[in-house]
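Before any comments, here is the structure.
The values are calculated or read from the model by the stated rules, or taken from the named source; none is laboratory data. Values in this document were obtained by computation on a predicted structure and should not be read as measured data. Note: ideal-geometry Cβ built from the backbone for every residue, glycine included; neighbour counts use all protein chains shown. The protein model used for the area step is the full one, side chains on, heavy atoms only, and it has no ligands, DNA or RNA in it. Shrake-Rupley method; radii C 1.70, N 1.55, O 1.52, S 1.80 Å.
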Amino acid sequence: MNLEGRYLRNRKTLSELDQLKLATTRVAIVGCGGLGGYIAEELARIGVGKLVLIDGDRLEVSNLNRQILATELNMGQWKVEAAQERLRSVNSEVTVDAVRGWFDEEKGPELLREVDLVFDALDSMNIRVVLERVCHQMNLPLVFASIAGWFGQLGVSLPGDFSVLSIFGRGERGVENTWGNPAFTPAVLASLSVAEGVKLLVGRPPSLRHAWLQVDLLTMEFERFEIC
């Protein structure tokens, strides 16, 4: 690994030891749409060693407004395969496993068997709760985020916390289906999620355990709520 080249601009934020830790970590991203695509991009650029991308959807025209993986040339391609190709050109040092399929409780333990951290970039409330439950059973930390219109939420759930269940446990689909999403909302929430994830990967305490951050990009207000 060339710490003086590719990762030189990380050095004022991350130590050499932090960078080496990132290179040995394995991260799963469940959902590779607007949020998941940006999360994958940023993790590859910062130097995470292995990414496991899980999504059962293909790219379509309506993705072009906000999903970094979507181009006019790859419509119809599996999102995880589009991500794999893009990330290979961004950082060839990162191993990217593409899993074409939806996450569920039965397959979950096998899909997450070798990872150190999981990102929830889903739009199904029910599957969010399932993902958190599987992560806790496997003693895995989880960074979760949701987006809709000008708004977003994110937090961290460590084993035993059940933060996702507390916040999202009473619904089937997010309000994204009603409010849609512009390009900037997934980009902002993905960056905040990656910041929390990097802290966990290098051994720093996350800022949003037992809490969630409400992001309002219309008024530019960020508010933290405790989860009791």
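Output the residue which, of all residues in segment 53-68 that are of a type in the set (D, E, K, R) and touching a Lys or Arg at 6+ places or on another chain (Cβ under 7 Å), is most open to solvent (accessible area, probe 1.4 Å). Steps first, answer last, please.
In the first step, residues of segment 53-68 are kept if they are of a type in the set (D, E, K, R); the result is 55, 57-58, 60, 66.
Still in the list and also touching a Lys or Arg at 6+ places or on another chain (Cβ under 7 Å): 55, 57-58.
On the way: ASP55: 12, ASP57: 55, ARG58: 107 Å².
Checking each candidate, the answer is ARG58.
Conditions (1) out of contact with any strand residue (DSSP E or B) (no Cβ under 8 Å at 6 or more places or on another chain); (2) under 21 Å from ALA148 (Cβ atoms); (3) modelled with pLDDT of 95 or more; (4) in a loop (DSSP other than H, G, I, E, B), marked per residue:
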| residue | (1), (2), (3), (4) |
| --- | --- |
| ARG9 | yes, no, no, no |
| LEU14 | yes, no, yes, yes |
| LEU17 | yes, no, yes, no |
| LEU22 | yes, no, yes, no |
| ILE29 | no, yes, yes, no |
| CYS32 | no, yes, yes, yes |
| LEU43 | no, no, yes, no |
| LEU53 | no, no, yes, no |
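Matching residues to (1) basic (Lys, Arg); (2) in a strand (DSSP E or B); (3) modelled with pLDDT of 95 or more; (4) open to solvent by less than 40 Å² (accessible area, probe 1.4 Å):
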residue	(1), (2), (3), (4)
VAL96	no, yes, yes, yes
VAL115	no, no, yes, yes
LEU122	no, no, yes, yes
GLU132	no, no, yes, yes
HIS136	no, no, yes, yes
ASN139	no, no, yes, no
ASP161	no, no, no, yes
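On inspection, VAL188 fails the criterion of being assigned to a strand (DSSP E or B) and either modelled with pLDDT under 95 or not small (Gly, Ala, Ser) (or both).
Starting from residues that are within 17 Å of the chain's Cα centre (by Cα) and assigned to a strand (DSSP E or B), keep the ones in segment 191-213 and report whichever is nearest to ASN65 (Cα to Cα). Top of the filtered list is LEU213. Of all residues in segment 99-113, none satisfies the criterion of being part of a loop (DSSP other than H, G, I, E, B), free of Cβ contacts under 8 Å to residues at least 40 places away in the same chain and either of a type in the set (Ser, Thr, Tyr) or buried (at least 18 other Cβ atoms within 10 Å of the Cβ) (or both). Figure legend. Inter-residue proximity from segment 20-38: first residues in contact (Cβ under 8 Å) with a residue 24 or more places away in the chain, second residues of a type in the set (Phe, Trp, Tyr), beta-carbon distance below 6 Å, spacing 6+ or different chains. Indicated pairs: ILE29/PHE119; VAL30/PHE103. Before we move on, is ASN181 over 29 Å from GLY49 (Cβ atoms), in a helix (DSSP H, G or I) and at pLDDT below 95? In short, no. Keeping to segment 69-81, report how many residues are open to solvent by less than 40 Å² (accessible area, probe 1.4 Å) and either within 16 Å of the chain's Cα centre (by Cα) or of a type in the set (Asp, Glu) (or both). Count: 3. Looking only at segment 42-52, how many residues end up being open to solvent by less than 10 Å² (accessible area, probe 1.4 Å) and over 10 Å from the mean Cα position of the chain (by Cα)? Number satisfying all stated conditions: 4.
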